[in-house]
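I have placed the structure first, in the form of structure tokens, so that the comments after it can refer back to it.
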Amino acid sequence: MRLVHWLFLISAALFVSGIGFLVLSARTAQQGSDVQSAVDAPVLRPVATVKQIMQGIVVPAATAVFGSVATIVTASGREDRAPKTDEDWQAVGNSAAALVEAGNLLMMGNRAVDRGDWLKMSQALIDGGLLALKAIDAKDPDALSNAGEPINLSCDNCHQKYQRTEQ
């Protein structure tokens, strides 16, 4: 009876040790993959200033998105403007995607003025651009028009707090 008792204790100890080795090896493998992914990650070097991002990406892209859908009323009648062809929708989609990516760029490196409102407002630009992309994918002019409001609001709020006057 004593022999069976000792064999049971030795078996239990070996089992627990085996589980411990499995957990330890899994952690070591996880840490090794984290180190490898850090080595493989590209080095990001922000080059453009906030002003260059605004003038080179945001302003042209926002202008294209805002101007893509409109209702123009004149003495001679009403004209509804909206993308008509696949190429028109793709062009507006490219501009909406540029707005999303500009929001990402504004949060990179030393461009972020602070970690609070700046990031929230940059995210609001991203969210507005994503709404526009959703409307573009659905080829829905009304939804695209409605997406202009959060984009415009993100710009207005940010400029109200952060825009610098030119010297």
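From the residues in segment 64-84 that are within 24 Å of residue 151 (Cα to Cα) and of a type in the set (Ser, Thr, Tyr), which one is modelled with the highest pLDDT?
The extreme case among them is 68.
Going by what's in this entry, would residue 77 be described as among the small types (Gly, Ala, Ser) and on the phi > 0 side of the Ramachandran plot?
So residue 77 passes the test.
Only one of 135, 82, 91 is surrounded by fewer than 17 Cβ atoms within 10 Å (Cβ to Cβ), touching a residue at least 12 places away in the same chain (Cβ under 8 Å) and over 30 Å from residue 43 (Cβ atoms); which?
So the residue among 135, 82, 91 that is surrounded by fewer than 17 Cβ atoms within 10 Å (Cβ to Cβ), touching a residue at least 12 places away in the same chain (Cβ under 8 Å) and over 30 Å from residue 43 (Cβ atoms) is 91.
When you scan segment 80-111, how many residues do you find that are within 17 Å of residue 162 (Cβ to Cβ), of a type in the set (D, E, K, R) and not in a helix (DSSP H, G or I)?
Looking only at that region, the number is 0.
Within segment 85-112, track down each residue that is at pLDDT below 95 and either touching a Lys or Arg at 6+ places or on another chain (Cβ under 9 Å) or under 16 Å from residue 130 (Cα atoms) (or both).
Result: 109, single match.
Evaluate the following for residue 152: is it open to solvent by 50 Å² or more (accessible area, probe 1.4 Å), closer than 30 Å to residue 43 by Cα and either aliphatic (A, V, I, L, M) or within 18 Å of the chain's Cα centre (by Cα) (or both)?
Working: open to solvent by 50 Å² or more (accessible area, probe 1.4 Å): yes; closer than 30 Å to residue 43 by Cα: no; either aliphatic (A, V, I, L, M) or within 18 Å of the chain's Cα centre (by Cα) (or both): yes.
Judged against the criteria, residue 152 is not a match.
The values are calculated or read from the model by the stated rules, or taken from the named source; none is laboratory data. If you're wondering where the values come from, they're calculated on a predicted model, not measured in any experiment. All Cβ positions, even for glycine, are placed from backbone atoms using ideal geometry, and neighbour counts span all protein chains on display. Protein only, heavy atoms only, side chains kept; ligands, DNA and RNA dropped before computing areas. Shrake-Rupley method; radii C 1.70, N 1.55, O 1.52, S 1.80 Å.
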